Amino acid sequence: MFKFHKYINNKSLLTVKINISKLILPSLEVHLTDHCNLNCKGCSHFSNISDEYFLDISEFERDLKELCGKFKIYRIILLGGEPLLHPKITEFVSICKNISPISQIEIVSNGILLPSLQKDKLDYIKNNANIILSKYPVTSDKFSQYLDLTDTANMQNKLIYIRNSFRKYINLNGNSNIKKEYSICIMKQCTTLFNGHLYNCPFALYVKYFNKKFNQNITVSQGIDIYKSNPKQILQYLNKPIETCKYCTFENDQNASFAWEQSKGLMEEWVLK
Ligand code: SF4
Ligand code: SF4
């Protein structure tokens with residue numbers, strides 16, 4: 001069943017024909033790069049210890065078409081790593097816009113590359129996506145320049161993540177209560193797309209870099225194949241705990257949080273137990 005829907009998206013008034021019988025995927029996170037130009041201790045996406053990786057544009061286009069055939073997606077979040085490191089950043093935005101015009105497109109960036117981005121590229125991004133800036137102590141002196149460049153200076157704090165502290169959450173013993181950790185976990189809403197599969201959270205996938213660097217064996221999720229599963233199967237999969245949850249620990253613990261600092265690439269930056 002279809003209906004026409006008028007709404008404001010990324011500053012433009014749009015009218016689109018939407019299939020209202022489609023199920024909803026509230027948000028979708030996609031790494032444009034796994035690596036980063038900052039080196040944060042305990043990065044929850046393991047970008048400080050990842051391989052260099054640039055998302056292939058045709059793979060993304062194919063996967064997004066498949067997902068949009070199955071779901072209405074409200075938010076598409078392009079991140080990393082640092083998404084502005086990808087030379088085809090504007091093409092990713094354009095693909096999102098064309099394939100899923102109802103989606104809010106967001107780019108989560110540390111802002112460091114904004115001053116060196118070509119003006120036409122920056123203008124295109126600003127006109128078609130929301131740039132959400134993460135502010136770190138190490139970038140605080142340049143942050144007002146980044147805000148000016150993204151025209152978000154007057155948008156209060158809602159488009160800024162303040163990242164003064166991080167949290168350890170890995171239980172290397174793998175004996176956490178899966179249901180309990182899943183119930184209190186905030187990352188379970190970060191549905192992640194990679195290589196034709198959806199993952200419950202970035203940890204379940206990118207912990208592969210932790211395993212590689214520190215020779216560990218934390219269960220890396222296989223995700224769910226978006227081509228072989230129907231929308232109901234996908235949502236059922238995304239809304240329940242997975243094996244990897246037994247390696248997380250989100251209980252209150254005074255040793256869990258620490259102030260932002262440069263990573264030394266040590267295992268203890270993530271491990272709480
Ligand atoms: S800027 Fe973000 S992605 Fe990059 S290392 Fe820091 S926390 Fe990780
Ligand atoms: S593995 Fe489970 S508990 Fe851990 S971050 Fe992912 S969804 Fe949360």
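None of the figures in this text is laboratory data; all of them are computed from the coordinates on show. Since the model is a prediction, treat every value here as computed from it, not as a measurement. Please note: Cβ atoms are built from the backbone with ideal geometry, for glycine as well, and neighbour counts cover all protein chains shown.
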*Check the stretch 229-237 and report whether any residue there is more than 25 Å from Lys65 (Cα to Cα) and either among the aliphatic types (A, V, I, L, M) or touching a residue at least 12 places away in the same chain (Cβ under 8 Å) (or both).*
no
*Count, please, the residues in the stretch 171-201 that happen to be under 30 Å from Ser58 (Cβ atoms) and β-branched (Val, Ile, Thr).*
2
_I need the full set of residues from the stretch 102-129 which are surrounded by fewer than 18 Cβ atoms within 10 Å (Cβ to Cβ) and assigned to a loop (DSSP other than H, G, I, E, B), in order please._
Ile102, Leu113, Leu117, Gln118
*Within the set of pairs 6+ apart or on separate chains, which have a first residue in the stretch 19-39 that is of a type in the set (Gly, Ala, Ser), a second that is part of a loop (DSSP other than H, G, I, E, B), and C-beta atoms under 6 Å apart?*
Ser21/Met1
*How many of the residues in the stretch 253-273 are within 17 Å of His45 (Cα to Cα), more than 16 Å from ligand 1 (Cβ to nearest atom) and of a type in the set (D, E, K, R)?*
1
*asked:* Quick check on the stretch 39-84: of everything there that is small (Gly, Ala, Ser) and closer than 24 Å to Val207 by Cα, which residue is nearest to the chain's Cα centre (by Cα)?
replied: Gly80
